[in-house]
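These notes concern the structure reproduced below.
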Amino acid sequence: MTYRRGIVIAIGLVLTVGALMTASAQAPAGGQGKGGGQAKGGGQGKGGGRGGAPLYTPAPGAKDLKSVLFNWAWYMGMLRSSDERDLLMTLEYQGKGTVQVDGQPCNVTKYRTSISYQTSGERIQYTGTRPNGQACSNVEVLSGAYAWNEDIPGAELVPGKGKATPMPATVEERMIRLWASPQGAFKGAMAGTSDPPEMAPRPQLVPANVSVAGKTSVAWEGNKPVVTFPIPGVPNAIASATLNDKFMAERVVVKQGAKTYEFTYSNYKDWNNPLNPAEAFYAGRMIEKQNGAVVRDITTTLTEVAQMYVVMPVPASVKAAIKPTNQPPNWTLNANAPAAPARQTAAVATPRLADGHPDMTGNWGGPQGPIGGGGNRRCGPTQTPDGGINPGTGCKTPMDNFWVDYEWISPSRFGLTGNTGEALKPSHPMYKPEFWDKIQELDQWTNKEDPIMTCQPMGLPREGTPSRIIQSPTDIVFFYTTSDYGGGNMEFRDIPIDTGQRNAQGLTLEQVRSKSVEAFYMGSSIAKWQGDTLVIDSTNFVDTTWFGRGGLFHSADMHMVEKFTRKGDEILYQATIEDPDVLIEPWVMPDKILRLRAGAPQVIHERAFCEVYEQGNVSTQLRH
C-alpha cells in the first residue's frame, strides 16, 4: 500500500457548498448538537441526528452497559456523522514485529492487515526472516465462514494467477483475532446485544440502566469496566474486554474450551497518515498469546481508516473445499426501523402511451442514503479547542468535524447504494486484485484524482437515477440533478427507443452505434422494450469518470445495462455493469425504487458554475 504526500486540488467555495448540498441530498438533515468538547452532565444533549432525535450522553460515572458501550465507541472515534453511528467498517493497518510461524519466530518488516467488518473479513500479509536468515511470509485470509492462505493477494480470482489453499482448521482462530481486535471487540460486544446486530447509533438498541443486554454484559473491576460477549460465529468462545480509563480495550481474553487467547493493547493514538488525521484511535502495540505463549507482537507504523476499499471474494476452490459451520453476523444499519426493500407496491393504474407502453414521464424521487445526518458531529471527548483534527483550532463547533467525517459517510465507499432496506447488504464492484492498491491510492488522493474535482461531469452510474423523465414513442429524456461537490448538478440524456426502423442508409440504431468511435460521459445508449420494462444498453464511455467516491474507476470498455419498470406511481430501477478489463465479475447494483412526486413539473436549473483553482497551495488528504 502506497501512501503518497503532496499537493491536492481544491475547489474552494464550490467544494464547500457542494459538500453541504450532497450531505443534504443523501439523507434527511437532522438537528445538530451544540458545539464544544465532551458533553457535561447526564441525560440528553440538545440537537441530534436523524429526525432531530436527542443526542445520548452518559451521566458522569455511569456504569450501566449502554453507557459503557457508548463511551467505548465514542472515545475510540468510531461514532461518525451527526447521527453518531459506528461507521468504521473497513481498516488498513501496517506494522512490524514478530510472528510465530510453525513454532519459529519470524521477524516481520512488513505486516499489513486489511479488514472489512461489513463482510467479517480480514487479510493479513506479512514478510520477514527467521533468526537463521530464512525468509518467511504468508497471506492469511478470512471471509465470513471461509479461511484460506494465498501465495499472492487475491490468488485464483483471476484464472491462472496465484494459488489459494483452503485452511478450514483456522476459521475459528481467525474469527477470534478479528473480533478481539481493538475495534472489532466493540463490534463483537454490540453483536451480542441484538440479533441481527446494528451499526450502533448511540447505541439505541441497548436498554438504559442495565448491566446485561442479550448475550453481552458489563461488570466492574475497581474503576475498570469489563465487557463480556460471545465471539461472533465461534461457538463457545467467550471474550472479556477490560477497558482503560479512556474506555479503550487494554486487554481482551477469549476462552474457547481448553484454549485461551489473550490480546493486550497499548499506546492508543491516531496512527493515520498525518495528511489525513481521523481522530480514530488504534493500539500502537498489540501482543497476542495463545495458552500463555506469545504468538504475535506487532508495533503499529501506520493506519488508514474510514471506508477504504477492502474486499475478500472467496475463490471457487475454497468454496468447494469448505462447508461452513460458523456464520458471522449479518449487520444491519437500522434494525429498530422497518426496512424499505425495493419492492413495487403501487395500487394505482400504470399510465401508458398510445402505443401501449408504460409512460415514465414525471418527477421522480430516488432513494435517499441510509446513513443519516450530515458531517456536523458534536465535538468528541478526545477533541479539544486547541488540538484534535484541525491543528491550531481543534474542534470548537460541530462544523469542525465535517471535513473529516464526510469521507466516512460516503454511500459509494460504504457500499450502500440502493433503497434503505436493500442497501443493508454492501454492494461493491469487485476489481481484479492487481487494482486493489490503485483504488486505495486514488481514494487517498481523491481531492486531486477524483474527476469531479476538475469539474468534469459525474457520468454513470454516479449520476444516480433521473429526477425528471420525459418520454415519447421514439425517445426518452432523463434529467439528473445530483450534486457531488464540483461535479453534477444538472446533466441529461436523450435516448432513442429502438422501434425496429432503419435510417436512410438502411442501418439499425445498434449498427449506427457500432460504427461510432466517439466516447461520452453518459455513454452511447439505445433503449428497447421487453414487455413493460424499458432496457437501456450503454457503451462508448469515457474512462475518466468514476463509479463513485472511493477511487472506483472504470475502463473505456465499460458496458452498462439499465432496466426501468413502471408500476403505478413507482419505477423499479435495476442496473448491471460489465467491465472485464478491471472487474472480475459483473457488478449488479442494488435495486432502487423511484417514486412519483406530486406537483407541477420540476424546474431543472442549468449546471452550476465550477472553477478549479489553488492548484499547488493545498496539501491534505482529507477525502471528500
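The table that follows gives values for the structure above.
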read-out	value
Amide H partners (placed H, <5 Å) of MET89, local residues excluded	ALA306, GLN307
FRET E, pair LYS438, GLU518, Förster distance 35 Å, beta-carbon r, rounded to 0.05	0.85
Residues whose placed amide H lies under 5 Å from that of VAL542, excluding near-sequence neighbours	PHE520, TYR521, GLY523
Exposure of TRP220 as accessible area (Å², to 10), given a probe of 1.4 Å and all protein chains	70 Å²
ASP151-LYS563 FRET efficiency (beta carbon distance; Förster radius 51 Å; 0.05 resolution)	0.80
Pairs from LYS63/LYS246; LYS269/LYS438; LYS161/LYS319; LYS187/LYS448; LYS163/LYS289; LYS224/LYS255 whose Cα-Cα separation, in the structure shown, is over 23 Å	LYS269/LYS438; LYS187/LYS448; LYS163/LYS289
The range 138-212 - accessible surface per residue (Å², probe 1.4 Å)	33 Å²
Spacing of the two label points (7 Å from each Cα toward its C-beta) at ASN267 and LEU507, in nm	6.6 nm
Heavy-atom accessible area ranking, 1.4 Å probe, most first, across MET522, MET167, MET360	MET167, MET522, MET360
Ordering of 158-166, 59-67, 178-186 by packing [mean C-beta count within 10 Å, highest first]	178-186, 59-67, 158-166
Under 17 Å from LYS592, Cα to Cα: lysines that are on another chain or at least 8 residues apart	LYS425, LYS563, LYS567
Sulfur and carbon atoms: percent of accessible area, the range 223-266 [1.4 Å]	52 percent
Two-site FRET efficiency, THR260 against SER137, from Cβ-Cβ distance with R₀ of 35 Å, rounded to 0.05	0.80
Share of carbon and sulfur in the accessible heavy-atom surface of the range 144-194 [1.4 Å probe, %]	59 percent
Surface per residue (accessible, 1.4 Å probe) for the range 428-545, Å²	39 Å²
Residue order for ILE470, ILE571, ILE584 - accessible surface, 1.4 angstrom probe, largest first	ILE470, ILE584, ILE571
Ranking by accessible area, most exposed first, for ARG502, ARG251, ARG377 with a 1.4 Å probe	ARG502, ARG251, ARG377
Residue-count net charge about ASP355 - beta-carbon cut-off 14 Å; Lys, Arg +1, Asp, Glu -1	-2
Inter-label distance, nm, simple model (7 Å from Cα along the C-beta direction), ASN236/GLU221	2.4 nm
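The values are calculated or read from the model by the stated rules, or taken from the named source; none is laboratory data. Given the structure is predicted, the values throughout are model-derived calculations rather than measurements. Heads up, the Cβs are rebuilt from the backbone with ideal geometry, glycines too, and the neighbour counts pull from every protein chain shown. Surface areas here come from the heavy atoms of the whole protein model, side chains and all, with no ligands, DNA or RNA. Shrake-Rupley method; radii C 1.70, N 1.55, O 1.52, S 1.80 Å.
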